[in-house]
Amino acid sequence: MFQDEARFGRISDVRRCWAPKPVRPICQAMLTHEYTYVYGAVDVATGALDSLILPHVNTECMQLFLDEIAARHPDERIVMVIDGAGWHRSSNLKTPDNIYLLTLPPYAPELNPIECVWDELREKFFHNRVFQSLDALEDHLAAALKTLETDPVTVGSIVSWPWIMGALLDSLMN
């Protein structure tokens, strides 16, 4: 599994949209500094996505996420690829027995396919939207994540990069 966190806030993402001539669409914009975070892990072989919405990015929230993943997959041994965030390296982080953490090289988010899941989420579910509260944003985020979690074919098409799949197949052959 590849793991990462993403920040979602009440800052609208205004983008171009289609409208028939001569209609000029009106898109609201908002700049409010309220955020929530999604912790996610994706299985590149199956397209399975696990996510959790949490209020912060810190060791305590990372621990909650790891414990949740371990509970969701109790009979599996998981190699979880993570980046080098401080809360990933904390000595207070207790890795569950069925999870092994493997760190990506520093400053290499382009190696983590879950980054593309965040892009898909923002592009398909969050452009040209304004949320009246952080609770409304979190409700919308939960629904969007549920849509992706129940569609492993789409998620798999986003994250099953050839070099990763090749490495997995090579490891199974040896």
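Annotations for the structure displayed:
- Considering helices alone, the calculated mean residue ellipticity of the chain at 222 nm is -11500 deg cm²/dmol, with DSSP H runs of length four and up weighted by -39500 (n - 2.57) and normalised per residue.
- Shape of region 55-174, Cα gyration tensor, a/c cut at 1.5: oblate
- Once the C-beta distance of Ala108 and Ser133 is scaled by a Förster radius of 30 Å, the resulting FRET efficiency is 0.25 to the nearest 0.05.
- Rolling a 1.4 angstrom probe over the protein heavy atoms with all chains in place gives the chain an accessible area of 59 Å² per residue.
- Antiparallel %, DSSP beta bridges [both residues in the chain], to 5: 70
- Dipole magnitude of the chain about its Cα centre (Cβ charges: Lys, Arg +1; Asp, Glu -1), debye to nearest 20: 820
- Residue-wise HN-Hα couplings along region 38-52, as the Karplus relation 6.51 cos²θ - 1.76 cosθ + 1.60 with θ = phi - 60° gives them from phi, are 10, 9, x, 9, 10, 8, 5, 6, 10, x, 6, 10, 10, 9, 8 Hz; Gly and Pro carry x.
- Leu101 versus Glu76: modelled label distance in nm, points set 7 Å from Cα along the beta carbon direction: 1.9
- Placing unit charges on each Cβ (+1 for Lys and Arg, -1 for Asp and Glu) gives the chain a dipole about its Cα centre, and among Leu49, Met173, Ser90 the Cα reaching farthest toward its positive end belongs to Leu49.
- Note that region 124-137 has calculated 3J(HN,Hα) couplings of 8, 10, 10, 6, 6, 10, 10, 10, 6, 7, 5, 4, 5, 4 Hz, one per residue in order, obtained from phi through the Karplus relation 6.51 cos²θ - 1.76 cosθ + 1.60 (θ = phi - 60°); glycine and proline are x.
- For the pair Cys116 and Asp151, the difference between a 0.36 nm per residue extended length and the Cα-Cα distance amounts to 11.1 nm.
- Nearest-ten-degree value, helix 59-72 long axis tilted from longest Cα axis of the chain: 70
- Given R0 = 35 Å, the distance between the Cβ atoms of His140 and Asp67 translates into a calculated FRET efficiency of 0.85.
- Our summary gives region 43-150 a relative contact order of 26 percent, counting only alpha carbon pairs under 8 angstrom and 6 or more residues apart.
The values are calculated or read from the model by the stated rules, or taken from the named source; none is laboratory data. Quick caveat: nothing in here was measured; it's all calculated off a predicted structure. Heads up, the Cβs are rebuilt from the backbone with ideal geometry, glycines too, and the neighbour counts pull from every protein chain shown. Surface accessibility is based on the protein's heavy atoms, side chains included, excluding ligands, DNA and RNA. Shrake-Rupley method; radii C 1.70, N 1.55, O 1.52, S 1.80 Å.
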